[in-house]
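Q: Following this message is one structure expressed as structure tokens.
The values are calculated or read from the model by the stated rules, or taken from the named source; none is laboratory data. Values in this document were obtained by computation on a predicted structure and should not be read as measured data. As a convention, Cβ positions derive from the backbone with ideal geometry for all residues, glycine included, and neighbour counts pool all protein chains shown. Side chains included, ligands, DNA and RNA excluded: accessible areas come from the protein's heavy atoms. Shrake-Rupley method; radii C 1.70, N 1.55, O 1.52, S 1.80 Å.
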Amino acid sequence: MIINNFSEIFEIAKNLHKTGKLDEAIDKYKDLLNLDDENYQLFYLLGTALLQKERFPEAVDALKRAIKIKKDSPALFNNLGIALSQLNQNEDAIRNYEKALNLKPDLVDSMINLGVAYKNLSKFKDSIKFFNKSLKLSPNNYLLHNNVGNLYKSLGNFEKAHKFYDKAIKLKKDNIEAINNKAELFLQKKDLEKAVFYFEKVLNINPKFDYALGKLIHTKKYLCDWTEYDENLKKIKDAIMNKEKVIEPFPMLSIIDDLSLQLKNVLIYNEFKFKKYKNEKIKSKKKIGKIKIGYFGAEFYNHPVLQLTKDIYKYHNKSKFEVYGFFHGPIKDKLHFKIQKYFTKFFDINNNSIDEVVNLCRDLDINIAINLTGHTADSRNSIYLNRVAPIQISFIGYSGTMGTNFIDYIIGDKILIPEKNYSYYTEKVLNMPNSFFPGPKKIKISEKEFSRKSVNLPNNIFVFGCFSNSYKITPDIFNAWMKILKLTKNSVLWLLNNNEIAKNNLISMAQKNGINSARIIFAKKLSYGEHLKRFELMDLSLDTFPYNGHTTTSEAIRCGVPTVTLSGESFTSRVSASLLHEIGLESLISRNIEDYIKIACEVASNRNKYQSLKKRVKENNKRLFSSKKYTNDLEKIYENLVI
């Protein structure tokens, strides 16, 4: 039977919509619009279905057509605001929410949406104002409480954020977004056991919840809790092949040395993260006068990235370059303020919207933007989508491809990223002539005298060590360390005590491997200068894999300690090789776990070989810390891009 009745087809379309068959509903709505293109309800329902399908530009067009026909519907303006907000057009979204409220002043949804839009623009006072209004009208709205929690999380007020998340969960026990948000807060605060508990709750509700499995694995790695590790690793790999949102780019770097999978994963992430933003290209103007470099980062405080790069800002040739700093991080310490004197001008952009940052950079006429943060904490990668500069470069903060078309280049070297691996990077590789890894010329090392006894190390014994963060330790690398201890009887392993749970788990794993727990010694946390000083008590540093000890390897070499590394294919697994190659110690670079164990054992058992390596480290390590030369080499790269 052929249905030719408009009303019947309309009902079929609405039923398809209600039952979640959105694609079929959209097709029906479009068929009906061919019969009646003045029906605002049709455009409204089509726009709503497109919104649910995340086809935001089409949703905007449909809802605008509906409003053109019917200008007094608050629901139309509210939904149009949502679609615009999803396209990151928050100012336009706000105007539509306000129109909805003018028509219906007590429309809570629009008030909540205004709060979210102002939060997206970093206009936190306005956001709080509308959230508070919403709370008065709808005190038991669990979605609202979750959104207010997100606002306080952005402001760094974790106590208030937890309070609102708890209320959201109390109102709806299976409120997965609020439970996940609590887990992320605990992870951010390094309250790791609680983070594991809440991530597991999330996965119990929905095993496929976006990025929860990856975050759970990463959190457990901080604790050296490797239960179900291989099983979860397989889940991660399978999910990536199925184009699922399973693990964020940064946590993946420490578990999988597979460039193809890393690229697939980062592309999935960027599609999820950035598809709502417009992507602009701007032409590079002919350079007039000095080259203007903008360094953008969350790490302009006592953080490894700033420790590594501070001499670059200091030694930039100010007669040829104007150097601007753009800070979007959470911490302002003494070093944060001290470093600013090396910049032509330094901006705190934490409370600036994307458009405000872009316009500021366009007004300054920044030639080259350097992204120091990448896909790590407190990033603001969306500003690069709109182009803060004609040339945009990823440098040092994130150890892998950004996987975007708005970061043009990545700083590397021929060891770090061999030419055969270029196809796994969306950026063009800019090679430094020596190791890409920067290091300050001088670091204040404590003058305090340490004895082995003072740090609980035995005398007359070979000390293997690893001072990397616990999340970099994998079951495979730890098992390799245990084999090394078995093969070198007169030795101990000296690790950093990152947390008590990780410590106890590592001791337990050592005992299961037949190693006396007395041979695993943990170093307590000290001031940075004292930490560097005690390196001299270590005989040989054992690197992690697939995420090498980047800053840790540099520190070990600075302090005269040789490092054995395992070099893979990924950026993270080749940093130590880049450093060792630079000082002529290629003999300490292994290609597989068996060679890694063999090299470590040979060094420990051959005193002459060890002394020779030690001497070469001390003779050659200055090559890595020639800041003026490094900066000059970097400037040549910048000049070649602009001139």
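Q: How much length, in nm to one decimal, is gained on full extension between Asn15 and Lys453, taken as 0.36 nm per residue of separation minus their Cα-Cα distance? Walk me through the numbers on the way to the answer.
A: Working: separation 438, 0.36 × 438 = 157.68 nm, distance 7.67 nm.
Going from the current span to full extension adds 150.0 nm.
Q: For the stretch 1-134, which whole percent of the accessible surface, found with a 1.4 angstrom probe, sits on carbon and sulfur atoms?
A: Details: 3370 of 6990 Å².
Using a 1.4 Å probe with all protein chains present, the stretch 1-134 comes out at 48 percent carbon and sulfur.
Q: Find the relative contact order for the chain and round it to a whole percent, using C-alpha pairs within less than 8 Å whose residues are 6+ positions apart. Don't jump to the answer; show the numbers that get you there.
A: Working: 1089 pairs, mean separation 60.7, N = 643.
Computed value for the chain: 9 percent relative contact order.
Q: Here's a follow-up. At R0 = 30 Å, how high is the FRET efficiency between Asn351 and Ser423 if r is their beta carbon distance? Nearest 0.05 is fine. Don't jump to the answer; show the numbers that get you there.
A: On the way: r = 40 Å, r/R0 = 1.33.
Step by step, r from the Cβ atoms, then E = 0.15.
Q: One quarter of the convex hull surface, Cα atoms only: what value does that give for the stretch 121-231 in nm²? Could the numbers behind the result be given before it?
A: Working: hull surface 29.2 nm².
Taking a quarter of the hull surface, the average projection is 7.3 nm².
Q: First compute the accessible area of the stretch 529-582 with a 1.4 Å probe, then give the percent of it belonging to carbon and sulfur atoms. Intermediate results must be reported in sequence, preceding the final value.
A: Values: 300 of 740 Å².
The C+S portion of the solvent-accessible surface of the stretch 529-582 is 40 percent.
Q: If you don't mind, another one. Which of Lys153/Lys273; Lys70/Lys245; Lys264/Lys483; Lys237/Lys428; Lys21/Lys129; Lys598/Lys618 have a Cα-Cα distance over 28 Å? Could the numbers behind the result be given before it?
A: Values: Lys153/Lys273 19 Å; Lys70/Lys245 39 Å; Lys264/Lys483 34 Å; Lys237/Lys428 26 Å; Lys21/Lys129 38 Å; Lys598/Lys618 23 Å.
Among Lys153/Lys273; Lys70/Lys245; Lys264/Lys483; Lys237/Lys428; Lys21/Lys129; Lys598/Lys618, the Cα-Cα distance tops 28 Å for Lys70/Lys245; Lys264/Lys483; Lys21/Lys129.
Q: How many nm separate the modelled label positions at Asn302 and Leu233, each set 7 Å beyond the Cα in the direction of the Cβ?
A: Those two pseudo-labels are separated by 3.7 nm.
Q: While we're looking at this one, here's another question. Looking at the chain, which longest stretch skips every one of the GluC sites (Glu not before Pro) that is in a DSSP loop with at most 15 other Cβ atoms within 10 Å, leaving the sites themselves out? Mind dumping the intermediate values first?
A: Values: sites that count: Glu38, Glu54, Glu228, Glu280, Glu447, Glu449.
With a cap of 15 other Cβ atoms within 10 Å, the longest stretch comes to 450-643.
Q: Counting only heavy atoms of the protein chains, get the accessible area per residue of the chain (1.4 Å probe) and round it to a whole Å² value. Show your work: numbers first, answer last.
A: On the way: 28910 Å² over 643 residues.
Roughly 45 Å² per residue, with all protein chains present.
Q: For Thr544, what residues show an amide H to amide H distance below 5 Å, using hydrogens built from the backbone and excluding near sequence neighbours?
A: Gly549
Q: Related question: Looking at the stretch 607-636, which trypsin sites (Lys or Arg not before Pro) are DSSP coil and have at most 10 other C-beta atoms within 10 Å of their C-beta?
A: Working: sites: Arg607, Lys609, Lys614, Lys615, Arg616, Lys618, Lys622, Arg623, Lys628, Lys629, Lys636; in loops: none.
Listed in order of number, the matching sites amount to none.
Q: At a Förster radius of 45 Å, what calculated FRET efficiency corresponds to the Cβ-Cβ distance of Lys190 and Glu536, to the nearest 0.05? Kindly include the intermediate steps, with their values, before the conclusion.
A: Values: r = 29 Å, r/R0 = 0.64.
In this case the efficiency is close to 0.95.
Q: Follow-up. Specify the inter-centroid distance of the stretch 116-178 and the stretch 394-433, based on alpha-carbon positions, in whole Å.
A: First find each Cα centre; the distance between them is then 39 Å.
Q: Under a cut-off of 16 Å between alpha-carbon atoms, report the lysines in cross-link reach of Lys201, not counting same-chain residues fewer than 8 places apart.
A: Lys170, Lys172, Lys173, Lys182, Lys215, Lys220
Q: Between Arg623 and Ile643, how high is the FRET efficiency from 1/(1 + (r/R0)^6) when r is the Cβ-Cβ distance and R₀ = 30 Å? Nearest 0.05.
A: Working: r = 28 Å, r/R0 = 0.94.
Efficiency, rounded to the nearest 0.05: 0.60.
Q: Starting from the stretch 505-603, pick out the trypsin sites (Lys or Arg not before Pro) whose DSSP state is loop and whose Cβ has at most 10 other Cβ atoms within 10 Å. Working shown, then result.
A: Values: sites: Lys512, Arg519, Lys524, Lys525, Lys533, Arg534, Arg558, Arg574, Arg591, Lys598; in loops: Lys524, Lys525, Arg574, Arg591.
Listed in order of number, the matching sites are Lys524, Lys525.
Q: Can you give the relative contact order of the stretch 112-217 as a percent, counting alpha carbon pairs under 8 Å and 6+ residues apart? Each step should come with its number before you reach the end.
A: Values: 117 pairs, mean separation 16.9, N = 106.
Computed over the stretch 112-217, the figure is 16 percent.
Q: Pulled fully out, how much extra length does the chain show between Ile205 and Ile443, if you take 0.36 nm times their separation in residues and subtract their Cα-Cα distance?
A: Additional length available on full extension: 80.8 nm.
Q: Report, in listed order, any pair from Lys234/Lys275; Lys190/Lys503; Lys194/Lys525 with a Cα-Cα distance greater than 26 Å.
A: Values: Lys234/Lys275 28 Å; Lys190/Lys503 15 Å; Lys194/Lys525 23 Å.
Pairs exceeding the cut-off: Lys234/Lys275.
Q: Let me ask you something else. Thinking of the chain as a set of Cα atoms, what percent of all their pairs are more than 47 Å apart?
A: Details: 47969 of 206403 pairs.
When all Cα pairs of the chain are counted, 23 percent exceed 47 Å.
Q: Distance between Cα centroids, the stretch 203-257 to the stretch 74-113: provide it in whole Å.
A: The stretch 203-257 and the stretch 74-113 have Cα centres separated by 36 Å.
Q: Still on this structure, please answer the following. Can you work out ³J(HN,Hα) from phi for every residue in the stretch 233-242, in order, using Karplus 6.51 cos²θ - 1.76 cosθ + 1.60 and θ = phi - 60°, giving whole Hz and x for Gly and Pro?
A: Using θ = phi - 60°, the values come out as 4, 5, 4, 4, 4, 5, 5, 4, 5, 8 Hz.
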